[in-house]
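S.K.: So that we are looking at the same thing, I have put the structure below in structure tokens.
FYI, it's all coordinate maths here, none of it is from the lab. Since the model is a prediction, treat every value here as computed from it, not as a measurement. Glycine gets a Cβ as well: all are built from the backbone with ideal geometry, and neighbour counts include every protein chain shown.
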Amino acid sequence: MSLRFDGKVALITGGAMGIGAASAKKFCELGASVAILDRDAEAGQATVNALSKAGHTATFHICDVSSESSVRDAVNEAVQLHGAVHVLVSNAGIQRYGDVVNTSSSVWDEIFDVHVKGCFYATKFAIPAMIRSGGGSIVIVASTQSFTAIVSSAAYVAAKHALLGITRSIGLDYARQNIRANCVCPGTIDTPMLRQAAALAAAPNEVIDICSRMHAMGRIGNPEEVANAIAFLASDWASFITGTSLIVDGGLLIPTGGMGLQESGIATTGDRK
Ligand SMILES: NC(=O)c1ccc[n+]([C@@H]2O[C@H](COP(=O)([O-])OP(=O)(O)OC[C@H]3O[C@@H](n4cnc5c(N)ncnc54)[C@H](O)[C@@H]3O)[C@@H](O)[C@H]2O)c1
């Protein structure tokens, strides 16, 4: 049993930047060949170039996960090039804001097309190749918002909840074909997605500070910390783990009702460490 992926091939959607790029680097460092599938050709190629320069085997495949034919072509191209697939990280994602009243149908569809259909298509086309490769492991990047909600994020929250269902369905349907499926559920992670969201506010740094205080550990996470959890779930060390989720959130979901009461000091008679 090993945490390494020597001789294995990992496909990563949304691998051009953020959590996906950190995962690509992690799998490479652990011995895998990596195929990055992303709609951002410039960033994707730059990530692949950096990995190749460091001596790793990595390829880029243009892919819009919300398009069935695009995912089919990119997965087929990657599998043909690398000869197999043993790991799929379904990670590509976008963030849009709105409650159910002020979210338009097109924004709702956009979110579901990327997160839910994107995961559906990636798994749909990777699983047959994974079976031909002798089995493998799928890790879906969900969110703490798969269990809870933040205000004005109805479509995103609903889509991230749906990913728990896909994870369980695949875990059940393909267990006997030696395929495991799990998801990681990150708290707030310092990626381009977070920085873009913070930039919408008048004081972006304040948003980051508030996010940090929401986590029991007093800070947001970095993409490598999520990549470590993804690699663990994909590895043989997680050989009896399927259909479940691993929360990677620095304690964000620990305090009942959030950190406000804890920080106010009135919740305890003792000092907060
Ligand atoms: N950053 C966080 O705080 C956080 C927290 C919980 C969950 N997540 C989830 O983690 C995943 C990665 O997020 P991130 O923060 O690294 O985001 P990011 O914006 O930094 O990176 C997302 C990547 O996905 C790609 N992508 C977006 N839409 C695509 C599409 N239609 N087809 C192909 N590629 C597409 C982008 O080009 C980009 O490379 C997402 O699913 C996100 O919802 C992020």
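S.K.: Among the chymotrypsin sites (Phe, Trp or Tyr not before Pro) within the stretch 113-212, which fall in a DSSP loop and have no more than 16 other Cβ atoms within 10 Å of their own Cβ?
M.R.: Working: sites: 120, 121, 125, 147, 156, 174; in loops: 147, 174.
Counting only loop positions with at most 16 other Cβ atoms within 10 Å, the chymotrypsin sites (Phe, Trp or Tyr not before Pro) in the stretch 113-212 are 147.
S.K.: Another question, then. In debye, nearest 20: dipole of the stretch 68-121 around its Cα centre with unit charges on the Cβ of K, R (+) and D, E (-)? The partial results should precede the final answer.
M.R.: Details: 3 positive and 7 negative charges, 26 e Å.
The calculated dipole for the stretch 68-121 is roughly 120 debye.
S.K.: On to the next question. Among the listed pairs 8/160; 124/160; 8/124; 26/53; 8/117, which have their C-alpha atoms separated by more than 22 angstrom in this model? If you can, show how the numbers build up before the last one.
M.R.: Numbers: 8/160 28 Å; 124/160 18 Å; 8/124 20 Å; 26/53 15 Å; 8/117 26 Å.
Table pairs above 22 Å Cα-Cα are 8/160; 8/117.
S.K.: Here is a follow-up. Answer with one residue from 1, 193, 46: the one whose Cα lies farthest towards the positive end of the charge dipole of the chain, charges on Cβ with Lys, Arg +1 and Asp, Glu -1.
M.R.: 1
S.K.: Between helix 18-29 and the chain, what is the angle of the helix's C-alpha long axis to the longest principal axis, kept within 0 to 90° and rounded to the nearest 10?
M.R.: It is inclined by approximately 50 degrees.
S.K.: Extension gain residue 241-residue 201, at 0.36 nm per residue separation less the Cα-Cα distance, in nm?
M.R.: Working: separation 40, 0.36 × 40 = 14.40 nm, distance 3.98 nm.
This chain segment gains 10.4 nm when fully extended.
S.K.: Ok, one more. Counting Lys and Arg as +1 and Asp and Glu as -1, each charge on the Cβ, what is the dipole of the stretch 1-137 about the Cα centre in debye, to the nearest 20? Don't skip to the answer; put the middle values down first.
M.R.: Numbers: 11 positive and 13 negative charges, 110 e Å.
With Lys and Arg at +1 and Asp and Glu at -1, about 520 debye.
S.K.: Sort the stretch 145-273 into rounded, prolate or oblate with this rule: let a ≥ b ≥ c be the square roots of the eigenvalues of the Cα gyration tensor; rounded if a/c is under 1.5, and if a/c is not under 1.5, prolate when a/b is larger than b/c, oblate otherwise. Intermediate values should be presented prior to the final figure.
M.R.: Working: a/c = 2.09, a/b = 1.70, b/c = 1.23.
Judged from the Cα gyration tensor, the stretch 145-273 comes out prolate (a/c at least 1.5, a/b above b/c).
S.K.: Also: Grab the DSSP H runs of the chain that are 4 residues or longer, score each as -39,500 (n - 2.57), total them, divide by all residues and round the 222 nm result to the nearest 500 deg cm²/dmol. Don't skip to the answer; put the middle values down first.
M.R.: Working: 10 runs with 119 residues, N = 273.
Result for the chain, helices only: -13500 deg cm²/dmol.
S.K.: Considering only 82, 106, 70, whose Cα is most displaced toward the positive end of the charge dipole of the stretch 37-119, charges sitting on Cβ of Lys, Arg (+1) and Asp, Glu (-1)?
M.R.: Going by the Cα projections, it comes out as 82.
S.K.: With only Lys, Arg, Asp and Glu charged, each at its Cβ (+1 for the first two, -1 for the last two), find how big the charge dipole of the chain is about the Cα centre; round to the nearest 20 debye. Mind showing how you got there, number by number?
M.R.: Working: 20 positive and 23 negative charges, 126 e Å.
Charge dipole of the chain: 600 debye, to the nearest 20.
S.K.: Counting only residues 5 or more places away or on other chains, whose amide H sits under 5 Å from the amide H of residue 245 once H atoms are built in the peptide plane?
M.R.: Hits under the 5 Å cutoff: 183.
S.K.: Highest mean first, what order results for 18-29, 217-228, 132-143, 249-260 on Cβ atoms within 10 Å?
M.R.: Values: 18-29: 25.4, 217-228: 18.1, 132-143: 22.9, 249-260: 15.7.
Taking the mean over residues of other Cβ atoms within 10 Å, the ranking is 18-29, 132-143, 217-228, 249-260.
S.K.: Here is a further query. Hey, how many Å between the Cα centroid of the stretch 45-93 and the Cα centroid of the stretch 215-241?
M.R.: That distance is 21 Å.
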